[in-house]
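Here's the structure, in structure tokens; my notes come after.
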Amino acid sequence: MLWYACMKIPFPSGSALDAHSAFLERLLGVEFPMKISELARRTQVSKETIHYYVREGLLPRPRKLGKNVADYDESYVNRILLIKELQNHRFLPLTMIKRILRFQKGSPERESILQMHPHYFRPVDQLLPKEIVGEEAFREATGLGRKWLARMEEWGIITPELKDGQKIYSQDDITLGRVVVDMDRIGLGPKDGFDPEALRHYKDMFREIVIMSHRYYMEGALGKLTPEEYA
């Protein structure tokens, strides 16, 4: 700011300030803090919503610069965008999102799982059977190969029940099987730097995101159906 004053150049604001800050960050290798007004503008959420996220533990408390002034960094932008993604496209309530956010920091595999696309939770999923009997029928319904089905069961991701010597796969298992089959297409394949064996270590998070997203979507979708559509 002193440099601008000495050179008698107007200090940038708004989008010009964003571009200028981004340039200096790249040039100097440092990250400049932002005020809540800029954070609200970049994430398209209100200041009140940001304060609420902080109070509820969805965002960490920012560094205080004064009694009514705090600053935020780029991590707040990414975290708020993730909250909006999980809320608007994964159909999850904030209580569930708070639990998922605990997994946000960590390996690339963790972050990749959190970025799963929402096309698995479309209305067509209403047509999925509630259960499937037998491995062959399950593999036919999901497209999952024999080797990968055995691996997913070994890792505790797909968890059929055994009744009268037959494996019974739930609708949750069907949804998970379809996600695993299509992981390459949604950017969770080896070519994208994702190690499929990471599912073994993050199986609880993976199951929770897929299953809860599907359930909350179904509850919301079914609540909007007319009696004729429901029939």
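The values are calculated or read from the model by the stated rules, or taken from the named source; none is laboratory data. Predicted, not measured: the structure shown is a model, and the values here were computed from it. FYI the Cβ positions are ideal-geometry reconstructions off the backbone, even for glycines, and counts take in every protein chain you see.
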Exercise for the section: Give segment 44-77 a look and list any residue that's farther than 24 Å from M96 by Cα, without any contact (Cβ under 8 Å) to a residue 40 or more places away in the chain and either in a loop (DSSP other than H, G, I, E, B) or not assigned by TED's automatic domain parsing to the domain that holds K98 (or both), or say none. Expected result: K67, N68
Fill in the blank from the handout: Residues of segment 130-161 being of a type in the set (A, V, I, L, M, F, W, C), assigned to a loop (DSSP other than H, G, I, E, B) and crowded, with 19+ Cβ neighbours inside 10 Å, in sequence order, are L144, I157, I158
Handout entry: Test: K167 is in the same structural domain as G134 (by TED's automatic domain parsing), surrounded by fewer than 21 Cβ atoms within 10 Å (Cβ to Cβ) and in a helix (DSSP H, G or I)
Key = no
Exercise for the section: Mind telling me which of the residues R63, R55, R42 ends up being closer than 28 Å to T95 by Cβ, over 25 Å from the mean Cα position of the chain (by Cα) and at pLDDT 85 or above? Expected result: R63
